[in-house]
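The values are calculated or read from the model by the stated rules, or taken from the named source; none is laboratory data. All figures in this text were calculated on a predicted structure; none of them were measured in a lab. Because the Cβ atoms are built from the backbone with ideal geometry, glycine has one as well, and the counts that use them run over all protein chains shown.
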Amino acid sequence: MARMSDITSTEKLLDLIRKKKPEPPPAVPADHAPFPPPPKKIRTAFPRKVGIMKAVTVGVDISHDALRLVKTVRIADNRRQMLEYYTLPLHPWNRRGTPAFPNLLKNELSRFCGSHQRIDTWAVMSAANASVRHIRIPKVAKSEIENVVFWSVKKEAPFNEKETLLDFEVLEEVVEQDVPKWLVMACTAPRREVEELKNLFLKAGFPLAGISIVPFAVQNLFRAEWMPTPAGTVASLFIGNDFSRIDIYSKGNLAMTRGIKAGINSMVESVLDALLEQNRRTEEETGEKQAVVSPEQARKVLFSLSPDGEPLTGQDAGYHLTQEDKHRIILPVMQRLVRQIDRTFEYYEANVNPSRVGKIFVSSAMSIYPPLTAYMGEQLGIESELLNPFDPALPGISAQFRGESLSERVTLAPALGMALSDRNRTPNLLFTYKDRERLAVRKRAGLASFAAFALLAAAAAGFFLYELGMISVKKAEISRLQRELAQYQPRISRNDVMQIAAQAGQRRYSPGAYSERYRSMAVIGELSALTPNDIRLLTLKADLAPARTDKTGSTPEETVQRERKDAVKAAPGEPPQAGKAGSVVVEGIVLGSRQSLDASLAGYITRLQASPLFRQITVQKNSVERARKRDVLHFTISLKIASA
């Protein structure tokens, strides 16, 4: 890289300034304010209207001298369209920290957001007390990354987790000494400042969706593809009031950031010292007392370097200074900035990434001074450019921005970066890794519930389809039966079926008639079932009483009613008399050993007595006889048949 001792480059820069020396400005009234605020402006970038129910994102940048707002809407997955931007100058009586500011913020946001119902508001927080560092951790499991990052950051820069917020983002996998590791970007910020900013917007009635710092706002310009993502490594230099900050981006991701204790106030002090020295010399030469020069007057002299700054008048201190004189006054501060940036680049190349920084973007809290940008690039030996996300050359920028001053475009960059924020790509101090983990748990629970519900719904749908199929089958069966029924003529009505049923009831037999009819078969079947294998029946004589006939010519229904009356008249405990009972005489022999003949006969009689069909079992004959060279017991038994 080039070094600061290169005097010829400074002379070239002064030559450039001389060629662009403007005409002397016209005089203005003496009572004109030394630092008039920029006029209040509202611009609509794209005239196309957006529905009030469509989500919009509003980026808010509250600086020392202005409130800047930018509103965007998503038009594709990773593309946004700017709808409006707004700049409101702030004064000592209504700046942030004054009692009037919350109400002013509420009114301006309400007017700026209009009738939109879905608004995500992102605000810029000062990066002065925030710390961004990149660390390399072992390639551990996803569930262990949180713990490893916490202790790694705490080891490098101890902090109190009750007072400091920690958030991190895993960028990519890197290899260090042939060992794969995770490259992690970790950011810490004071919890108190985050809570103060959060409560400020709550008091204004616009809860914040996110809080981030300017380095991440610039990162959004690359990640959202608003500006072309650099192929290599670039740097962004912001020259603030009290300090400056150098940010290095690799492939659009923030790789390193560092604060430098030199800024606009350092330049104002140099200008103030030069003006006081000039007054002292003038007093010594003329003996006339010179007017006291204030820091505000010195700041006005410094800001007059910019084409967009307010020109000096004859009554202003430093009116006699040329552009070259002003540049020589602030040159030591610029040299100190370049030295710090040079050292930062050297540290980055030696410890973070060997890739050389090829370009630097410059922005400032003061009006833009193009020779300063050129000086930075020339001294560092790299390409330099203003950080201008409103460059008309960029795709999607409306021609309405062509009339805006370059300084105004550059100062809107942080607000625009916040308006391009998204939880997936922007580190959010309101929604840290712990909140993301809790959200992931809720999402997993929701997915599990949805899967269970979907399974139940699928089962219910399957059952419903099955039932529809069964209904179709039943309807087809009904149609078939109706076609079969149509073949029978004449058609039978309900009354016809009732008449047929009544006639069938009239023709049925009484229980007693059925009993008389099948009594002989019951007697033979019962005897066959009760007779064991060692008993042979020789003869069977049965005298069955005939069934009682109805000589009166009564119908079967009348016969049944008469039998019921006879049962009622019967004596209690006696079975009703359906007719004459009848008797059976059985003759047979018992086979077996001589000692078991009597026992077998006795067992047979016992079984007959247990039968519900027989009663009054009597042994009429019982004698042992010789048959086929063995003894058999020849017997004759009489039985009464139980009445039905």
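Evaluate the following for Q503: is it in a helix (DSSP H, G or I), at pLDDT below 85 and surrounded by fewer than 10 Cβ atoms within 10 Å (Cβ to Cβ)?
The answer is yes for Q503.
Could you list, in sequence order, all residues of segment 359-394 that are without any contact (Cβ under 8 Å) to a residue 40 or more places away in the chain, in contact with a strand residue (DSSP E or B) (Cβ under 6 Å, 6 or more places away or on another chain) and in a loop (DSSP other than H, G, I, E, B)?
Within segment 359-394, no residue meets the criteria.
Could you list, in sequence order, the residues of segment 423-462 that are closer than 20 Å to N147 by Cα, under 12 Å from the mean Cα position of the chain (by Cα) and not charged (D, E, K, R)?
Residues satisfying the conditions are L439, A440, V441.
All but one of (1) of a type outside the set (S, T, Y); (2) in a helix (DSSP H, G or I); (3) at pLDDT 90 or above hold for G588, so report the exception by its number.
The failed condition is (2).
Counting only residues that are of a type in the set (D, E) and at pLDDT below 90, how many does segment 472-486 have?
The qualifying residues number 1.
For the subset of segment 244-276 comprising residues that are assigned to a loop (DSSP other than H, G, I, E, B) and touching a Pro at 6+ places or on another chain (Cβ under 8 Å), which member is farthest from A365 (Cα to Cα)?
Per the criteria, the residue is K251.
For every residue, the table says whether it meets (1) outside any helix (DSSP H, G or I); (2) at pLDDT below 90; (3) farther than 18 Å from E277 by Cα; (4) outside the structural domain of S244 (by TED's automatic domain parsing).
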site: D308; (1), (2), (3), (4): yes, yes, yes, no
site: L312; (1), (2), (3), (4): yes, yes, yes, no
site: G318; (1), (2), (3), (4): yes, yes, no, no
site: E324; (1), (2), (3), (4): no, yes, no, no
site: H327; (1), (2), (3), (4): no, yes, no, no
site: R336; (1), (2), (3), (4): no, no, yes, no
site: T344; (1), (2), (3), (4): no, no, yes, no
site: N351; (1), (2), (3), (4): no, yes, yes, no
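Just one of T87, T57 is more than 22 Å from S244 (Cβ to Cβ), touching a Pro at 6+ places or on another chain (Cβ under 9 Å) and in a strand (DSSP E or B); which is it?
T87
For the structure I just gave you, tell me whether R96 is without any contact (Cβ under 8 Å) to a residue 40 or more places away in the chain and either assigned to a strand (DSSP E or B) or of a type in the set (K, R) (or both).
no
Are any residues in segment 149-158 within 11 Å of A186 (Cβ to Cβ) and not hydroxyl-bearing (S, T, Y), and if so, which ones?
Within segment 149-158, V149, F150, V153, K154, E156, A157 qualify.
Count, please, the residues in segment 625-644 that happen to be surrounded by 14 or more Cβ atoms within 10 Å (Cβ to Cβ) and without any contact (Cβ under 8 Å) to a residue 40 or more places away in the chain.
So the answer is 1.
Mind checking whether some residue in segment 142-160 is farther than 23 Å from P215 by Cβ, among the aliphatic types (A, V, I, L, M), in contact (Cβ under 8 Å) with a residue 24 or more places away in the chain and surrounded by 11 or more Cβ atoms within 10 Å (Cβ to Cβ)?
Within segment 142-160, not a single residue is farther than 23 Å from P215 by Cβ, among the aliphatic types (A, V, I, L, M), in contact (Cβ under 8 Å) with a residue 24 or more places away in the chain and surrounded by 11 or more Cβ atoms within 10 Å (Cβ to Cβ).
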